[in-house]
Amino acid sequence: MELLTYKSSNIEEIKQLFTNVFSDSEGQAEGVVIGDLTYDIMTSTDAQDLYGFVVTENEQIIGSIFFTRLTFQNGVNAFLLSPVAIHTSYQGKGIGQKLINFSINHLKENGVKVVFTYGDPAFYSKVGFNLITEKIAKAPLKLTQPEGWLGQSLVSDKIEPIVGTSYCVEAFNNPEIW
């Protein structure tokens, strides 16, 4: 197993991974939505606003994760973790946690101060994310499930409140995915 930065030459393989994984767990329609979202992230996000990683085994991509810039009025260096996928036959083996930890360490080494995600608290708490409210950091769009708004400081034990509005990259600027 190898953890690496993603390459643009792998865009189609990564899109297919996300489509398949989310189709398996959430149904084909959701798989297509997440596959297309991942493709949009990889093809429309400026390089300075994107971090992407893969995990491979025998030169095949079995997992992938993306982080996109979350811009706050005060200029804090923050990113949003989403989406992440591990090939269905490799799930439950800790690979997702290893990929997240590897990725977060890379972001920390590159000066990122805070990472947010919008997902399952039971899973993301295993890799250091905590439930936050919009009093701590406002999400870029209205949250349909506020209990899934999570954050992690990469510089201290807790996230200091971030005043003001936040803005996501264009691929996430869609109320239906929030």
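Before moving on, here are some points about what is shown:
- Output for segment 1-13, where each listed residue is among the aliphatic types (A, V, I, L, M) and assigned to a strand (DSSP E or B): L3, L4
- Residue-level check: of (1) surrounded by 14 or more Cβ atoms within 10 Å (Cβ to Cβ); (2) outside any helix (DSSP H, G or I); (3) not small (G, A, S), D24 misses just (2).
- Among the residues making up segment 111-127, those that are in a loop (DSSP other than H, G, I, E, B) and modelled with pLDDT under 95 are G119, D120.
Results for (1) modelled with pLDDT of 95 or more; (2) not in a helix (DSSP H, G or I), shown as yes or no for each residue.
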{"site": "K15", "(1), (2)": "yes, no"}
{"site": "T19", "(1), (2)": "yes, no"}
{"site": "V32", "(1), (2)": "yes, no"}
{"site": "Q48", "(1), (2)": "yes, no"}
{"site": "Y51", "(1), (2)": "yes, yes"}
{"site": "G63", "(1), (2)": "yes, yes"}
{"site": "G75", "(1), (2)": "no, yes"}
{"site": "F79", "(1), (2)": "yes, yes"}
{"site": "P83", "(1), (2)": "yes, yes"}
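- Check on K108, among the charged types (D, E, K, R) and part of a helix (DSSP H, G or I): yes
- Selected residue (only one of L141, L150 is in a loop (DSSP other than H, G, I, E, B) and either modelled with pLDDT of 95 or more or among the charged types (D, E, K, R) (or both)): L141
- Qualifying residue in segment 98-109 (condition: out of contact with any strand residue (DSSP E or B) (no Cβ under 8 Å at 6 or more places or on another chain), over 16 Å from L154 (Cβ atoms) and surrounded by fewer than 21 Cβ atoms within 10 Å (Cβ to Cβ)): no
A quick yes/no check of all residues on (1) within 20 Å of K15 (Cβ to Cβ); (2) over 13 Å from the mean Cα position of the chain (by Cα); (3) among the small types (G, A, S):
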{"residue": "V54", "(1), (2), (3)": "yes, no, no"}
{"residue": "Y90", "(1), (2), (3)": "yes, yes, no"}
{"residue": "I95", "(1), (2), (3)": "yes, yes, no"}
{"residue": "V114", "(1), (2), (3)": "no, no, no"}
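The values are calculated or read from the model by the stated rules, or taken from the named source; none is laboratory data. Since this is a predicted model, take the numbers as computed values, not measurements. Cβ: placed from backbone, ideal geometry, glycine included. Neighbour counts: every protein chain shown.
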